[in-house]
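The values are calculated or read from the model by the stated rules, or taken from the named source; none is laboratory data. Predicted model only: the values in this text are computed from it and were never measured. Cβ atoms come from the backbone with ideal geometry, glycine included; neighbour counts cover every protein chain shown.
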Amino acid sequence: MNWEPVIGLEIHVQLKTRTKMFCRCANGFGGGPNTQTCPVCLAFPGALPVANKRAVEECIKLGLALECEIADRAVFHRKNYFYPDLPKAYQISQYDEPLCAGGRLAVPTADGDVVIGITRAHLEEDAAKNVHIAASGRLHGATATLVDFNRGGTPLVEIVTEPDLHDADTAKRFLQLLRQTVIELDLSDAELEKGSMRFDVNVSVRPAGSDELRTRTELKNMNSFNFAAKGIEREIARQIRIYEEGGTVEQETLHFDPTQEDSPPMRSKEEAQDYRYFPDPDLVPVHPPAELVDRLRSEIGELPGARIKRIADTLSFYDADVLVTGGLDRLWSDVVAAGADAKEAANVLANQFVAAGISPDDVDAGELAKLVAARSEIPRAAFDEALAKVGDAGFTAAPYLEQKVVADTSELDPIIERIIEANPGQAEQFRSGKEGLLGFFVGQVMKETGGKADPRVVNERVRSKLS
Amino acid sequence: MIDTLRLTAEEAWKLVDTKEISGGELFAAYLAAIGERDPELHAYLHVCKDPGGDGIPIAMKDVIGTKGVRTTAGSKILESYVPVFDSTVAARCKKFGLRLLGKTNTDEFAMGSSTENSAYGPSHNPWDPTRVPGGSGGGSAAAVSGGLAPWALGSDTGGSIKQPAALCGHVGLRPTYGTVSRYGVVAFASSLDQVGPVAKNVRDCAFLYSIIAGRDENDSTTVEVPEVELPTAEDLKGLRIGVPKEMNEADGIEPGVTAAVRAAIELAESLGAEVGECSLPRSVEYGVACYYLVAPAEASSNLGRYDGVRYGRRSDGADFREMLMNTRHDGFGDEPKRRIMIGTYALSSGYYDAYYGKAQRVRTMIRNEHAEVFEKFDLIVSPTSPTVAFKLGEKAGNPLAMYLNDLLTIPSCMAGLPGMNIPVGLSEGLPVGLQLIGPQFSENTLFRAGHALERAIGFDVVPERLR
């Protein structure tokens, strides 16, 4: 039987507002444990939440970018459960009257858009952080739990998709596109390693062609897009195996560990909590004024999805995708506008530039354009060095452009001959068919010339001298 | 010699203002009265040293958070809790120069109508110490009535200011919901809780209200309030007073109470008021039932924060869950436990619509029914309590009988309306209270009517046995 995977995503993004969601504590990391706290985020008796206006605006902005309807009236609900990192014993979240609902995000692919429905985007507060300590330093056998409330109360936007995804790769690309959207709207750092962007994945499979929704499992704890794709693929395979062996899939939450063969269950839904949602009487409903929504809409520029499609007209789809989701396409257009070749500039940015880890904001596009244009005319070493420094303040390409590659055979031939003479064994092996040794000779020549030789010319000369 | 039993806050203020006595001497006089009579009345849970200031003393119910002064809410679970911040009302009193005399007894988390649910033992009625002072604010009532404070702050969820004022023979105002900040006040039921003044007469009550009322940026549910007018008029000309049939003829109203209230209504007519009958059938029939869904539901969530993690009592346990359960088992008394259970049930999935959801709809109906009555009348009147002060222990074993005590105070609380008790006479030697209820923000009307009636009646607020 053919099986169709059905995938839905739930994403949490921490907003980088100046203050927390419901109090005036500084929002963000730094300082010792429990230094960014107050009676409100520590839930002292009588302390009351007051909604952060800025966070409301940012949630609306993200909702607009996701083509959601913005509610005339949105309500904060209490989600009740006991946990040490939840000081009020309820999380203030949104339930049946969220700020944003009914949107979509089109994920461009080489074969056209895949449109993913956005069920809702709502505001809530983050929990604090539990630190389990034990003599062994491991969770297993922990003897105590410490709670750091600095993170507690950080504004979070929760985005829930429709179960519109059917393969791991599109899910991964959706997440990348969403992340880039959030970053460009300047709402969040959306750093997976820091937890400022987190996501859970719901997976089920069904016979291809059917429209039923079977029991789904939830994958948690995936802190990279590649892990997510891997985890989804593994879970799809597991469920198909179960069905094909005549079994049933249990509704459960699975903890994804990329180093393990399978994903162990965290908790079964039989013990599912009853969160006893009800409207928080301490907060008043939010009524976003139409003028505010209009202003926020006007602040949104061309979104990443649209740019991928536009740039894919010039470059390959793959390059366009890498440039845009890597946040490099603006620099790319500036570099091209300054005279560099479009394809060449894309190659440099998508490869060496990304590897160098430089922020595109620090780069003078004009100088980078000069470098890209001269790439084949200056020594490789000079190019690499220049690229590593292209983000430095006051960087100019000129000194590197003065260095020219050595392509003159009258200069290169004596060096090549000397090296062949010094390595008779390798020369012999090459002649008897060990082609791989060509690289050895080229490398020696490059070393000898301090990286200034033109590798294409050296290649050709070494080959002719050895034949 | 300062007669604390008779001295009003206004008179006390004049004495200090004209330097006839110092603020310190006045404070000392109350401390002496407390030393003399509090062993019998047990109005206070905690008595303060003179904190200094420009003004006169004040007592505060122990649910009102006071920086550096133990605040227990009448519960063992907060036995060791000393707030690190002032509630907004405490801060406003402090800023005005009022000096905190001490914290007064209350039913645990303000849940009760007699103070018998206090974890620290009941307070006693100054008119007859074998009887209850009412509740939950029985401590503030006994303090004001027994000359242990010139005035006090109480809090009212379903009658906790008005009913004790009726049973102890003084004035108490439950303000319009949203006029007084709840920030820093230990929450019972957030959509109902309101702090209000407890005083010997209406002018003191109005003055204290003017100190505490007004928008607070720390409480989203507060609003700006109309300027408070200290009442002077001694007539009721032009005032339309409605007498809701169901609230004046309800089963269980004692004949002596009815007689005193009738006499007061006739007096109002003779002072120029237009008196007419009106009807609030559904508010009276469903008010108590509705209240006992809404209030416990909110309480079950509000009391979740007492988990032993950050402050207050902590009992031992092998893990978080066990520590949590032991802490709450040991820390809460029977009444909070009862209400947490009722409230948890009412909010549970599958029951929400039938209980909490329906109660909210009934609440809207109660609000509308009151609004209709206020199209024809400026205020409405009824007995505050169906009975005079009852004996300690008389109803303690019967929660339902205790709940019905609040039959007449609850409906207007559910509607968010202001209500004030003034003493109008005696029945069997014990005070009878008249409840005046007005539309939202009609405090000035209540003050005017209450003041004129109070002057005409000439009730002596000093308990007979202490004169």
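Observations on the structure shown:
- Just one residue in the set A:T109, A:T17, A:T35 is closer than 28 Å to A:L192 by Cβ, crowded, with 19+ Cβ neighbours inside 10 Å and of a type in the set (S, T, N, Q); that residue is A:T17.
- Count of residues meeting criterion [away from chain A (no Cβ under 14 Å) and touching a residue at least 40 places away in the same chain (Cβ under 8 Å)] in region B:186-212: 16
- Taken as a whole, region A:267-276 holds at least one residue that is within 14 Å of chain B (Cβ to nearest Cβ), touching a Phe, Trp or Tyr at 6+ places or on another chain (Cβ under 7 Å), part of a loop (DSSP other than H, G, I, E, B) and modelled with pLDDT of 90 or more.
- Reported count of residues in region B:295-317, each being more than 11 Å from every other protein chain (Cβ to nearest Cβ) and in a loop (DSSP other than H, G, I, E, B), is 5.
- Reported count of residues in region B:347-356, each being part of a helix (DSSP H, G or I), more than 9 Å from every other protein chain (Cβ to nearest Cβ) and surrounded by 15 or more Cβ atoms within 10 Å (Cβ to Cβ), is 1.
- Among (1) part of a loop (DSSP other than H, G, I, E, B); (2) buried (at least 20 other Cβ atoms within 10 Å of the Cβ); (3) within 28 Å of the chain's Cα centre (by Cα); (4) in contact (Cβ under 8 Å) with a residue 60 or more places away in the chain - the single one A:P49 does not satisfy: (3)
- As a summary of the residue check, A:G46 satisfies the conditions (1) farther than 24 Å from B:P83 by Cα; (2) at pLDDT 95 or above except for the one numbered (1).
- Any hit, region B:321-336, residues being within 13 Å of chain A (Cβ to nearest Cβ), part of a loop (DSSP other than H, G, I, E, B) and out of contact with any helix residue (DSSP H, G or I) (no Cβ under 8 Å at 6 or more places or on another chain): no
- Qualifying residue in region B:288-307 (condition: under 30 Å from A:V40 (Cα atoms), surrounded by 19 or more Cβ atoms within 10 Å (Cβ to Cβ), out of contact with any strand residue (DSSP E or B) (no Cβ under 8 Å at 6 or more places or on another chain) and without any contact (Cβ under 8 Å) to a residue 24 or more places away in the chain): yes
- Matching residues, region B:188-220, being part of a loop (DSSP other than H, G, I, E, B), touching a Ser or Thr at 6+ places or on another chain (Cβ under 9 Å) and of a type outside the set (D, E): B:F188, B:A189, B:S190, B:S191, B:L192, B:K200, B:N201, B:G214, B:R215, B:N218
- Of B:T66, B:T88, B:T115, B:T72, all but one fail to be among the hydroxyl-bearing types (S, T, Y) and more than 12 Å from chain A (Cβ to nearest Cβ); the exception is B:T115.
- Screening region B:13-36 for residues that are touching a residue at least 40 places away in the same chain (Cβ under 8 Å) and more than 13 Å from B:D54 (Cβ to Cβ) and picking the one that is surrounded by the most Cβ atoms within 10 Å (Cβ to Cβ) gives B:Y30.
- Hits in region A:163-194 (condition: part of a helix (DSSP H, G or I) and aliphatic (A, V, I, L, M)): A:A168, A:A171, A:L175, A:L177, A:L178, A:V182, A:I183
- Filtering B:C290, B:C278 for residues that are within 25 Å of the chain's Cα centre (by Cα), modelled with pLDDT of 95 or more, more than 10 Å from every other protein chain (Cβ to nearest Cβ) and under 30 Å from B:M247 (Cβ atoms) leaves a single hit, B:C290.
- Criterion: outside any loop (DSSP other than H, G, I, E, B) and surrounded by fewer than 17 Cβ atoms within 10 Å (Cβ to Cβ) - qualifying residue of A:V160, A:V131: A:V131
- Of residues in region A:65-81 being among the acidic types (D, E) and over 21 Å from A:I183 (Cα atoms), the one nearest to the other protein chains (Cβ to nearest Cβ): A:D72
- Subset of region B:144-164 [assigned to a loop (DSSP other than H, G, I, E, B) and closer than 13 Å to B:D38 by Cβ]: B:G146, B:G147, B:L148, B:A149
- Residue within region B:31-42 that is within 14 Å of another protein chain (Cβ to nearest Cβ) and not in a loop (DSSP other than H, G, I, E, B) present: no
- Criterion (farther than 26 Å from B:S123 by Cβ and out of contact with any strand residue (DSSP E or B) (no Cβ under 7 Å at 6 or more places or on another chain)) met by exactly one of B:T387, B:T445, B:T364: B:T364
- So A:T154, is it more than 14 Å from every other protein chain (Cβ to nearest Cβ), buried (at least 22 other Cβ atoms within 10 Å of the Cβ), touching a residue at least 12 places away in the same chain (Cβ under 8 Å) and among the polar types (S, T, N, Q): yes
- Listed by first and then second residue, the pairs linking a residue in region B:219-248 that is away from chain A (no Cβ under 14 Å) and at positive phi to a residue that is assigned to a loop (DSSP other than H, G, I, E, B) and hydrophobic (A, V, I, L, M, F, W, C), with Cβ atoms under 9 Å apart and 6 or more places separating them unless they lie on different chains, are B:G238/B:A273.
- Residue satisfying condition, being surrounded by 15 or more Cβ atoms within 10 Å (Cβ to Cβ), assigned to a helix (DSSP H, G or I) and not basic (K, R), within set B:I342, B:I380: B:I342
- Filter result for B:L100 (assigned to a loop (DSSP other than H, G, I, E, B), closer than 21 Å to B:A9 by Cβ and touching a residue at least 24 places away in the same chain (Cβ under 8 Å)): no
- In region B:61-90, residue farthest from B:S118 (Cα to Cα) [restricted to those that are free of Cβ contacts under 8 Å to residues at least 60 places away in the same chain and surrounded by fewer than 24 Cβ atoms within 10 Å (Cβ to Cβ)]: B:V84
- Complete set of residues in region B:170-185 that are part of a strand (DSSP E or B) and either within 14 Å of chain A (Cβ to nearest Cβ) or over 20 Å from B:G135 (Cβ atoms) (or both): B:V180, B:V185
- Within region A:122-145, at least one residue is of a type in the set (S, T, Y) and either in contact with a Cys (Cβ under 8 Å, 6 or more places away or on another chain) or within 11 Å of chain B (Cβ to nearest Cβ) (or both).
- For region A:278-318, the candidate set comprises residues that are without any contact (Cβ under 8 Å) to a residue 12 or more places away in the chain and within 14 Å of another protein chain (Cβ to nearest Cβ); within that set, the residue that is farthest from A:A110 (Cα to Cα) is A:P281.
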